[in-house]
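Undergrad: Below you will find the structure I want to go over with you.
The values are calculated or read from the model by the stated rules, or taken from the named source; none is laboratory data. None of these values were measured; they are calculated from a predicted model. Counting neighbours? That spans all protein chains shown, and the Cβs are built from the backbone with ideal geometry, glycine included. SASA here: full protein model, heavy atoms, side chains in, ligands and nucleic acids out. Shrake-Rupley method; radii C 1.70, N 1.55, O 1.52, S 1.80 Å.
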Amino acid sequence: MRSFLFALLGCTVRALLSLRYRIHVKGLDQLSSLNKEKGILFFPNHPAHIDPIVVICLLGRRFLPRPIVVEYIYRKPFVQFFMKLIRAIPIPNFETALNEIKIQKAEKILEKMAEGLQAKEKYILYPSGRLKYTGKEVLGATSLAQSLIQKCPDVQIVMVRTTGLWGSSFSKAYLGRSPDFVDTLFWSMKKLLKNGIFFIPRRDLYLDFVIAKEDFPRKGSRLEVNRYLEKFFNQYPSAEGIVETEPLKRVSYCFWKNELLTPLIREKKKKNIAEEAFSTPVGQEIYKELKRKFPDVEILLDQELSADLGMDSLDIAEIIIFLSVHYDVGELHPGDLETVHDLIDLAEGRKKGEKKSIEEKQFTWPEEKKRKEPTSPMGKTLPEAFLLICDRMKNSYACADDMIGVLTYKKLKMSALVLSREIAKLPGEKIGILLPSSVAAYLVIIATYFANKTPVMLNWTLGPKYLKDMTDLTQVNSILTSWRFLERLGNVSFGDVSEKFILLEDLKKTIPLSEKLFGYFTSFLPAKSVMKALGIQHQKEEDVAVVLFTSGTEASPKGVPLSHKNILSNQTAVLKYIDLFSHDLFYGVLPPFHSFGFAVTGLLPLLAGVKVVFAPDPTDSFALAEGIFRWKITLFCSAPSFLRGLFQAASVSDFATIRLFVAGAEKAPQDLFDKVHQMNKMLIEGYGITEC
């Protein structure tokens, strides 16, 4: 049956591909000599997002190969159905960040593939692990291909070279980064329609299939294997003959005129003389660290970390940790580091690490014609207060972030009701929550209350030992977190606690239609009826509403159980001293594991009927400044250290809409008050400790 579906899907996709591509295949008939009763590894190069589809179509029914697909593409809603149909295996994306979770997952995938090869499975594995950045395929020191060969030295190997896609809209030639696959696919479909489907100019594609010969370094090091594959991949025909760098090929997207994309112009880095390479104190420290790792290698500024020094993802992760500990380098990801020169630029402040965004859009707050004025939280418990404010605000907007967008109170209520049914099935009375400041975090918190369970907010920055202490102390068996969050969280260790992780993206897929209907219809009921339907009407204001943990400055973090009354009375007291208006917009940037973040910048605006925008990282000053300007924030609450960073990153014009800054969590210095006064704004200071 699967073979039939593969054949049907392959025929359909090949027909669609033929509208844009003329595919020329060489060596495919030679694969008939392979023993199908043994495992096979297909090693293609990776010039564009479209080449895996071509390779799978050609190998399809004959081999039924399982492709290894980077996780963020595998999880796309439009793509995931087909990924499951062809039994694709998702692998973490190490370009965005590197952490313990990803490493463990990659190791498990490696073991699974090794077992599969022993059981006659066929896999398509891209040795580079990413799209190529230039016309030349560079594998550097990637290790998955060589590690797999070491585990299965007798495996049959087929190398696949695709030529003609460097310059495709699916390649990195135009953006300098991976284009969004789904967006590019729909853009291409529009071009097809514009050309009457059948008349768009075609791009020539050449695929060479070659069975690995005896000289393939099966017992070689990762560099020997990668250099062999690079030599095979980088053989491109040109006017001068065969060259190592594939010429950029642009093909018009319009048959009646020359409509071409503009390629990215890359600045060439200057070569550096070895004697002058590390003349500064910072350069000497970088040199010393590299020499510690590579004592027998001559270190030069223009050397590439992967290609020349042979650094793999783990080596680069160690360098990232070294830079983060010793220098103010911003948020670093493996993709930020290409050459030795990059290390020194980052350490000396000439370059900052940048955020790597995965499909993150930028929203703005919609206009509302009429909105009710804010009020003090009503009710005796947090879920009751939330349901009462939902009854009052109805379809008014409640919260937003750049991941989910803007949600109304009605939508937030309905989503929490649906999610609560799944949380109710999880074991234990307490649920661990490991999420940054976001719509998802407070949606999960509210849903946990609806499930008649207690949220335990976990601080992932304290390390695996304290995380284990937190979960042991509170007897947490399940920790709700998010793949999107973990995907971009770099250099964080979770230890054994990661075994308790439940991803929201996976939990969402298990929700049956009956529970979605329950959430939909229950959302129309008033607060008291909803509480009865959920069985939470007997909750008392003295009951524990949340377990927070102290920062651990005195000793190990202490677990602090706070009641509903603790939090609601604190919020009511705050609103006696601060006037809130219907046009106000909070910026919730503090993490929900922080008492200030949980009670004030997170729940307070939601329960008072004030609009709130969430941002996941209070240390990313440039992103916060952009967000304040774009969302038109009026109220900004933060710790003084984050405020100081914000003022350094932003211009005065970015704060045009802000009417009030609120500082807490630590003593605000006088110069901060002076800075705010110079902007003709107001800064007020609050005081509190988690235990209170």
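Undergrad: Would you mention how many residues in region 683-692 are open to solvent by less than 70 Å² (accessible area, probe 1.4 Å), free of Cβ contacts under 8 Å to residues at least 60 places away in the same chain and assigned to a loop (DSSP other than H, G, I, E, B)?
TA: 0
Undergrad: Please go through region 173-183 and give me each residue that is open to solvent by 60 Å² or more (accessible area, probe 1.4 Å) and either of a type in the set (V, I, T) or assigned to a loop (DSSP other than H, G, I, E, B) (or both), ordered by number.
TA: If the condition is that a residue be open to solvent by 60 Å² or more (accessible area, probe 1.4 Å) and either of a type in the set (V, I, T) or assigned to a loop (DSSP other than H, G, I, E, B) (or both), then L175, R177 are the ones that fit.
Undergrad: Which residues, taken from region 623-642, are in contact with a strand residue (DSSP E or B) (Cβ under 9 Å, 6 or more places away or on another chain) and without any contact (Cβ under 8 Å) to a residue 40 or more places away in the chain?
TA: L624, P640
So that you can scan it fast, the table gives a plain yes or no per residue for (1) open to solvent by 20 Å² or more (accessible area, probe 1.4 Å); (2) farther than 24 Å from P383 by Cα:
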residue: N477; (1), (2): yes, no
residue: L486; (1), (2): no, yes
residue: I502; (1), (2): yes, no
residue: Y520; (1), (2): yes, no
residue: F524; (1), (2): yes, no
residue: K528; (1), (2): yes, no
residue: K540; (1), (2): yes, no
residue: K558; (1), (2): yes, yes
residue: L562; (1), (2): no, no
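Undergrad: Considering every residue within region 54-66, establish whether at least one is under 17 Å from L503 (Cβ atoms) and in a helix (DSSP H, G or I).
TA: no
Undergrad: When region 4-55 is examined, which residues are found to be of a type in the set (D, E, K, R), in contact with a helix residue (DSSP H, G or I) (Cβ under 8 Å, 6 or more places away or on another chain) and within 29 Å of T184 (Cα to Cα)?
TA: If the condition is that a residue be of a type in the set (D, E, K, R), in contact with a helix residue (DSSP H, G or I) (Cβ under 8 Å, 6 or more places away or on another chain) and within 29 Å of T184 (Cα to Cα), then R14, R20 are the ones that fit.
Undergrad: When the residues of region 53-86 are narrowed to those that are without any contact (Cβ under 8 Å) to a residue 40 or more places away in the chain and open to solvent by 40 Å² or more (accessible area, probe 1.4 Å), which ends up nearest to G129 (Cα to Cα)?
TA: K84
Undergrad: Quick one: what pairs do we get from region 411-426, first residue in contact (Cβ under 8 Å) with a residue 40 or more places away in the chain and closer than 14 Å to A440 by Cα, second in a loop (DSSP other than H, G, I, E, B) and among the hydroxyl-bearing types (S, T, Y), C-beta under 8 Å, 6+ apart or different chains?
TA: From region 411-426, the pairs are K413/S523; M414/S523; L417/S523.
Undergrad: Right, next: Examine region 636-646 for a residue that is within 23 Å of K413 (Cβ to Cβ) and under 25 Å from the mean Cα position of the chain (by Cα), and state whether such a residue exists.
TA: no
Undergrad: Still on this model: So which residues in region 11-59 are within 29 Å of the chain's Cα centre (by Cα) and among the small types (G, A, S)?
TA: A48
Undergrad: Now, a different point. Restricting attention to region 523-536, does a residue exist that is in contact with a Lys or Arg (Cβ under 7 Å, 6 or more places away or on another chain) and either polar (S, T, N, Q) or more than 15 Å from E384 (Cβ to Cβ) (or both)?
TA: Looking through region 523-536, at least one residue is in contact with a Lys or Arg (Cβ under 7 Å, 6 or more places away or on another chain) and either polar (S, T, N, Q) or more than 15 Å from E384 (Cβ to Cβ) (or both).
Undergrad: Of all the residues that make up region 111-131, how many are within 30 Å of Y174 (Cβ to Cβ), touching a helix residue (DSSP H, G or I) at 6+ places or on another chain (Cβ under 7 Å) and surrounded by fewer than 23 Cβ atoms within 10 Å (Cβ to Cβ)?
TA: 2
Undergrad: I'd like to verify a number: residues in region 132-161 that are β-branched (V, I, T) and open to solvent by less than 20 Å² (accessible area, probe 1.4 Å), how many?
TA: Count: 5.
Undergrad: What do you reckon, is L5 open to solvent by 40 Å² or more (accessible area, probe 1.4 Å), hydrophobic (A, V, I, L, M, F, W, C) and modelled with pLDDT under 85?
TA: yes
Undergrad: Among the residues of region 24-52, write down those that are part of a strand (DSSP E or B) and open to solvent by less than 60 Å² (accessible area, probe 1.4 Å).
TA: I40, L41, F42, F43, P44
Undergrad: Could I ask something else about it? For F186, indicate whether it is within 25 Å of the chain's Cα centre (by Cα) and not in a loop (DSSP other than H, G, I, E, B).
TA: yes
Undergrad: Looking only at region 132-172, how many residues end up being of a type in the set (S, T, Y), part of a loop (DSSP other than H, G, I, E, B) and touching a helix residue (DSSP H, G or I) at 6+ places or on another chain (Cβ under 8 Å)?
TA: Number satisfying all stated conditions: 3.
Per-residue answers, yes or no, for (1) open to solvent by less than 60 Å² (accessible area, probe 1.4 Å); (2) under 30 Å from F494 (Cβ atoms); (3) within 22 Å of the chain's Cα centre (by Cα):
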residue: T364; (1), (2), (3): no, no, yes
residue: L387; (1), (2), (3): yes, no, no
residue: K410; (1), (2), (3): no, no, no
residue: V418; (1), (2), (3): yes, yes, no
residue: G432; (1), (2), (3): yes, yes, yes
residue: L435; (1), (2), (3): yes, yes, yes
residue: A451; (1), (2), (3): yes, yes, no
residue: M457; (1), (2), (3): yes, yes, yes
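Undergrad: Among the residues of region 239-268, write down those that are assigned to a strand (DSSP E or B) and either under 27 Å from S188 (Cα atoms) or open to solvent by 60 Å² or more (accessible area, probe 1.4 Å) (or both).
TA: Listed by number, the list holds a single entry, I242.
Undergrad: Residue under question is R202, and the condition is that it be touching a strand residue (DSSP E or B) at 6+ places or on another chain (Cβ under 7 Å), open to solvent by 30 Å² or more (accessible area, probe 1.4 Å) and of a type in the set (K, R); does it hold?
TA: Answer is yes for this residue.
Undergrad: Next question. From the list D543, D579, pick out the single residue that is without any contact (Cβ under 8 Å) to a residue 24 or more places away in the chain, of a type in the set (D, E) and under 18 Å from L607 (Cβ atoms).
TA: D579
Undergrad: So in region 512-544, with the set limited to residues that are of a type in the set (A, V, I, L, M, F, W, C) and over 21 Å from Y409 (Cα atoms), which one is modelled with the lowest pLDDT?
TA: Ranking the candidates gives L513 first.
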